[in-house]
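Here is the structure we will look at.
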């Protein structure tokens, strides 16, 4: 499946009659209102794509995973009790989807069926070679973290998500998410110390 497969299901940037807040949008989707599903993608597609990219890096599977998130959301929209929580609910589906991708890759890599993903496969336009190498090293190291720790680390330190929101979308308590972050940070820093490309960034982090 390619990125173009997203377009027929979730056409964007076209004129539509629908307007309203998230609660109204949820109700419109449940009522099979014309173009409500496309409005959902227009409203939150870009944000969810950034969430997936922050977790996985510049990854060729992100477009397929993005479509999977919205397909799951549309299929389970009746389970959302509070339409005002639509954005957080979509992020929780994205987290679930990304976690499944990471764990699947880990199993396949153990079997020798999948080479490590490299960020330069998709490219990172507009950045220097130094930053590109630091990003590549960062995401190479993140592949060594358990899935839940990697997700917590990236959503907190890359996406800038608040702790309470992070716990909510991860479906765990605030105490649990804090423990995951502590473990993730400890593992990541231990690995990063051996990466010359990250030394400058680690020094800056120590002085923040």
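The values are calculated or read from the model by the stated rules, or taken from the named source; none is laboratory data. Bear in mind the structure is a predicted one, so any value in this text is a computation, not a measurement. Using ideal geometry, Cβ is built from the backbone for each residue, glycine included, and neighbour counts are taken over all protein chains shown.
A quick yes/no check of all residues on (1) within 19 Å of residue 57 (Cβ to Cβ); (2) assigned to a helix (DSSP H, G or I); (3) over 15 Å from the mean Cα position of the chain (by Cα); (4) at pLDDT below 95:
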| site | (1), (2), (3), (4) |
| --- | --- |
| 144 | yes, no, yes, yes |
| 149 | yes, yes, no, yes |
| 154 | yes, yes, no, yes |
| 160 | yes, no, no, yes |
| 168 | no, yes, no, yes |
| 175 | no, yes, yes, no |
| 179 | no, yes, yes, no |
| 186 | no, yes, yes, yes |
Exercise for the section: Could you please give the count of residues in segment 137-151 that are without any contact (Cβ under 8 Å) to a residue 60 or more places away in the chain and over 14 Å from residue 191 (Cβ atoms)? Expected result: 2
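So that you can scan it fast, the table gives a plain yes or no per residue for (1) in a loop (DSSP other than H, G, I, E, B); (2) more than 20 Å from the chain's Cα centre (by Cα); (3) modelled with pLDDT of 95 or more; (4) closer than 28 Å to residue 172 by Cβ:
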site	(1), (2), (3), (4)
16	yes, yes, no, no
28	no, yes, no, no
33	yes, yes, no, no
37	no, yes, no, no
54	no, no, no, yes
86	no, no, yes, yes
89	no, no, yes, yes
100	no, no, no, yes
